[in-house]
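Worksheet: one structure, shown below.
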Amino acid sequence: MHNLLDFLRKYNYVFLFLLLEIASFVLLFRFNNFQGSVWFTSANAVVASINGVYGDVVAYLNLQTVNRDLTQRNIVLQQQVEQLRLALDRAGHDSTYTEQRIAEILSEYQMIPARVVSNTSRGTNNYLVIDQGEKQGVRPEMGVVGGGGVVGIVYLVEANHSLVIPVTNNKSSISCRVRGQNYHGFLQWDGGSFRRAHVDDVPRYAEAKVGEVIETSGYSSMFPPGIFVGRVRKVSNSPDGQSYRLEVSLGTDFSNIRDVSVIATPHKAELDSLYHRADLNMPAE
Amino acid sequence: MIQTILSRIGWFLLLISLQVFVLNHIHMLGYATPMPYVYFLLILPNNLSRWVWVALGFFLGLIIDVFTNTPGVASASLCATGLLVPFLLKTFTPTDKEEEVFIPSSRTLGRMRFLSFAALSSLVNTTLYFVIELFSFYNWASLLIGIVGSWVLTLLFIIALESLRSAAKKK
């Protein structure tokens, strides 16, 4: 103890020196930006490297959670991208003349936009399944149209999906006419190319030419009159020889069909059909 | 005794005024500033306790700092110089004077010894000053110019002050 006090007394100037130097450097670092910044950066470099190692370890231990979160997030984002892609498809699709015309005709009808989720082709017995059903207002016997024209008729309805009999089904029969003429026949398909069908029972005195437009006649309540079906490809005789058979190039590509609309106002179509038939029977003077 | 203290205070104020009003405005070669205030530590009696040098160095430096806007730089360097000056003084004291109490001067120590003592002390002070002020060895060339230039200028001022003092003593 005595020695310690002696030591302190003997070297008191060294302690004073250290004290005053500390005071000086406190002043230096406190009041001089440059020296202060050097002090803080170099002092922090040590702290930062230790913190960095600690952070690395913690990050490594957390990787499992992070990974799980990322996977979940990734799934959510993928779903979002898919939804947005669909929305973009629908929004950014250039409308063709046929589409514009169909939209014009159908503007007064309530339309249910739908998407083809399944496109079965079993020889001549083809079906489409769309992602709109009873909940969205789809009922059996409603007409379905697409960008290329008539697609088919709703046959069975589930809560959220519906089965559509397309034109390319041999049970399908849709009343059609040549644009500008009132003679009508029934659009039928009996296998073969998905892009071709035929209209039978066109009277021989109807003047059908190759390239003329085939549209819905309005004689059924499913489609309003005037919706594009296809164009006459060839005019030939019916098997029975009594009438013409018009071979039709279909406007809709059934092997590549995505977005369709269900015509959801059957009564309106019915009324339109009635008016149309009344007009035919009582031509304006 | 009172006269000694008064003369110390006079030197103290003289050196500070000289530094603050004149010498701080000299920047030869852009860096070299004479700092003869270290002279105050050189002319303290050799029988003082060492802590007095340290403390006086610190306070002198602190006042210089306040006037030159370099907080801590002069006080740190002069405080360290104050730690070394008594040691240097002992080194340059002639053997026949070791037992005596004296005030260092060119007369008591001898011209060359006093010059060497002043040169080493001021070298220590200027070196510390510039190292602390620049706080990096990156611009080592400018650091060197500052140290050597200031050192030489300081030494010239110390010689001038010393000759003034000895002339006054002779009268």
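Identify the single condition in (1) surrounded by 15 or more Cβ atoms within 10 Å (Cβ to Cβ); (2) away from chain A (no Cβ under 14 Å) that B:F58 does not satisfy, given that it satisfies every other one.
It is condition (2) that B:F58 fails.
Might you let me know whether segment B:83-96 holds any residue that is at the interface with chain A (Cβ under 9 Å from one of its Cβ atoms) and among the acidic types (D, E)?
Checked segment B:83-96: no residue is at the interface with chain A (Cβ under 9 Å from one of its Cβ atoms) and among the acidic types (D, E).
Could you tell me which numbered condition A:G185 fails, if it satisfies all but one of (1) under 18 Å from A:Q242 (Cβ atoms); (2) surrounded by fewer than 22 Cβ atoms within 10 Å (Cβ to Cβ); (3) not hydrophobic (A, V, I, L, M, F, W, C)?
Single failed check for A:G185: (2).
Could you pull out the residue among B:S77, B:S116, B:S121 that is assigned to a helix (DSSP H, G or I), in contact (Cβ under 8 Å) with a residue 60 or more places away in the chain and on the phi < 0 side of the Ramachandran plot?
B:S121 is the lone residue from the list that is assigned to a helix (DSSP H, G or I), in contact (Cβ under 8 Å) with a residue 60 or more places away in the chain and on the phi < 0 side of the Ramachandran plot.
Are any residues in segment A:175-191 under 30 Å from the mean Cα position of the chain (by Cα), modelled with pLDDT of 80 or more and part of a loop (DSSP other than H, G, I, E, B), and if so, which ones?
Within segment A:175-191, A:W189 is the sole residue that qualifies.
Give just the number: which of (1) more than 7 Å from chain B (Cβ to nearest Cβ); (2) at pLDDT below 80; (3) over 60 Å from the mean Cα position of the chain (by Cα) does A:N3 not satisfy?
Status for A:N3: all satisfied but (2).
Given the conditions (1) at pLDDT 85 or above; (2) more than 7 Å from chain B (Cβ to nearest Cβ); (3) in contact with a helix residue (DSSP H, G or I) (Cβ under 8 Å, 6 or more places away or on another chain), which single one is not true for A:L8?
Failing condition for A:L8: (1).
Starting from residues that are assigned to a helix (DSSP H, G or I) and within 14 Å of chain A (Cβ to nearest Cβ), keep the ones in segment B:6-51 and report whichever is surrounded by the most Cβ atoms within 10 Å (Cβ to Cβ).
Going through the qualifying residues, I end up with B:L41.
Considering only segment B:53-73, I want to know if a residue exists there that is closer than 20 Å to B:V148 by Cβ and in contact with a Pro (Cβ under 9 Å, 6 or more places away or on another chain).
Scanning segment B:53-73 turns up no residue that is closer than 20 Å to B:V148 by Cβ and in contact with a Pro (Cβ under 9 Å, 6 or more places away or on another chain).
Which members of segment B:141-171 meet the condition of being farther than 16 Å from B:I103 by Cβ and acidic (D, E)?
Scanning segment B:141-171 gives no hits.
B:L109 passes all but one of (1) surrounded by fewer than 17 Cβ atoms within 10 Å (Cβ to Cβ); (2) more than 19 Å from A:F17 (Cα to Cα); which number fails?
Among (1) surrounded by fewer than 17 Cβ atoms within 10 Å (Cβ to Cβ); (2) more than 19 Å from A:F17 (Cα to Cα), the lone unmet condition for B:L109 is (1).
What residue, among those in segment B:97-106 that are in a loop (DSSP other than H, G, I, E, B) and surrounded by fewer than 19 Cβ atoms within 10 Å (Cβ to Cβ), is farthest from the other protein chains (Cβ to nearest Cβ)?
B:S105
If A:V235 satisfies every condition in (1) closer than 28 Å to A:Y109 by Cβ; (2) not in a loop (DSSP other than H, G, I, E, B) but one, which is the exception?
Just one mismatch for A:V235, condition (1).
If you check every pair at least six apart or on different chains, which have Cβ atoms under 9 Å apart with a residue in segment B:136-150 that is at negative phi first and a residue that is outside any helix (DSSP H, G or I) and β-branched (V, I, T) second?
Going by the 9 Å Cβ cut-off, the qualifying pairs are B:G146/B:T33; B:G149/B:T33; B:S150/B:T33.
If a residue has to be within 8 Å of chain A (Cβ to nearest Cβ) and hydroxyl-bearing (S, T, Y) to count, how many in segment B:65-76 make the cut?
The number of residues fulfilling the criteria is 2.
Here's a check for you: in segment B:153-171, which residue that is in contact with a helix residue (DSSP H, G or I) (Cβ under 8 Å, 6 or more places away or on another chain) and modelled with pLDDT under 85 is farthest from B:M112 (Cα to Cα)?
The extreme case among them is B:K169.
Looking at (1) in contact with a strand residue (DSSP E or B) (Cβ under 9 Å, 6 or more places away or on another chain); (2) closer than 23 Å to A:F34 by Cβ; (3) surrounded by 20 or more Cβ atoms within 10 Å (Cβ to Cβ), which one does B:V148 not meet, given that it meets all the others?
(3)
The values are calculated or read from the model by the stated rules, or taken from the named source; none is laboratory data. None of the values given here were measured: they were computed from a predicted structure. With ideal geometry, Cβ positions are generated from the backbone for all residues, glycine too; neighbour counts draw on all protein chains shown.
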